[in-house]
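Here the structure is laid out as structure tokens; the discussion comes afterwards.
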Amino acid sequence: MRVLRFLLLGLLLASSALDAQVLQDSIALDCDVFRRKTEKRAMVMLSTWSALNLGTGFILSQQTSGWESRFHLSNALWNTVNASIAISSLLRMREERLSGNLVAAVNKLHSAEKAFLFNTGLDLAYMATGWYLTEASKNQNEIERRDVFLGAGRSLMLQGGFLFVFDLACFLSIKRINGFYGKLLEGLYVGGNGLGIRKQF
């Protein structure tokens with residue numbers, strides 16, 4: 001697919017000037033396809049992680065005790081949210097129509113980049129909260145309360161750590177695509193024959 005993309009862009013660059021609408025539609029469609037492909041791959045990964053945690057979490061919470069039971073239960077409960085996000089996103093992508101509008105395509109790309117960056121900040125907050133709960137568990141006199149704090153805290157650190165790596169990887173991937181199309185769009189110009197691309201040698 002990547003070869004096809006560069007072949008398409010190579011054909012665009014080979015022309016000194018192209019019809020404005022054809023050029024915009026081609027770039028917009030290409031941009032939308034790769035954004036959605038990246039997001040779909042990310043949501044499949046998130047749903048796989050969620051299924052793994054849901055499957056093991058509920059089972060192991062019944063087979064263990066103390067803070068370990070709370071840890072596995074927290075993992076399972078946390079991933080009910082992750083699973084719902086992943087499934088709803090995949091369903092939305094199935095319904096999404098690629099408009100071929102260049103402005104809309106670029107805006108969606110920027111929105112996706114900002115969303116993943118924002119999520120990395122949330123993930124750091126999750127890990128910090130997990131660390132706080134883990135430390136607070138040491139000051140709990142009641143064993144049950146200590147187990148809740150310790151289990152939930154370690155679960156938050158694990159889930160936050162995974163999501164941080166996940167969101168950061170998605171952000172960097174989207175940013176790379178964004179940078180590619182940003183450079184491409186910088187080369188656009190309006191000439192007498194319509195919209196074209198400046199060729200650089």
Per the Cα gyration tensor, region 19-193 corresponds to an equivalent ellipsoid with semi-axes, largest first in Å, of 44, 17, 9
Lys pairs in region 19-193 with Cα under 30 Å (8 or more apart in sequence, or on separate chains) total 13
Cα extents of region 73-120 along the three principal axes, largest first (Å): 46, 24, 6
In which sequence would SER173, SER155, SER69, SER84 go, from the one with the fewest C-beta neighbours within 10 Å to the one with the most? SER84, SER69, SER173, SER155
What does the C-alpha gyration tensor say about the overall shape of region 78-159? Classify as rounded when a/c is under 1.5, otherwise prolate if a/b is larger than b/c, or oblate. oblate
So, in Å, what gap is there between the alpha-carbon centers of region 44-68 and region 137-173? 14
Going by how many other beta carbons lie within 10 Å of each one, how would you line up LYS108, LYS40, fewest first? LYS40, LYS108
Just rank TYR126, TYR132, fewest to most, by other beta-carbon atoms within 10 angstrom. TYR132, TYR126
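Read the figures in this text as sums done on the coordinates, not as results from a lab. All values reported here derive from a predicted model rather than from experimental measurement. Note that we place each Cβ from the backbone using ideal geometry, even for glycine, and neighbour counts take in every protein chain shown.
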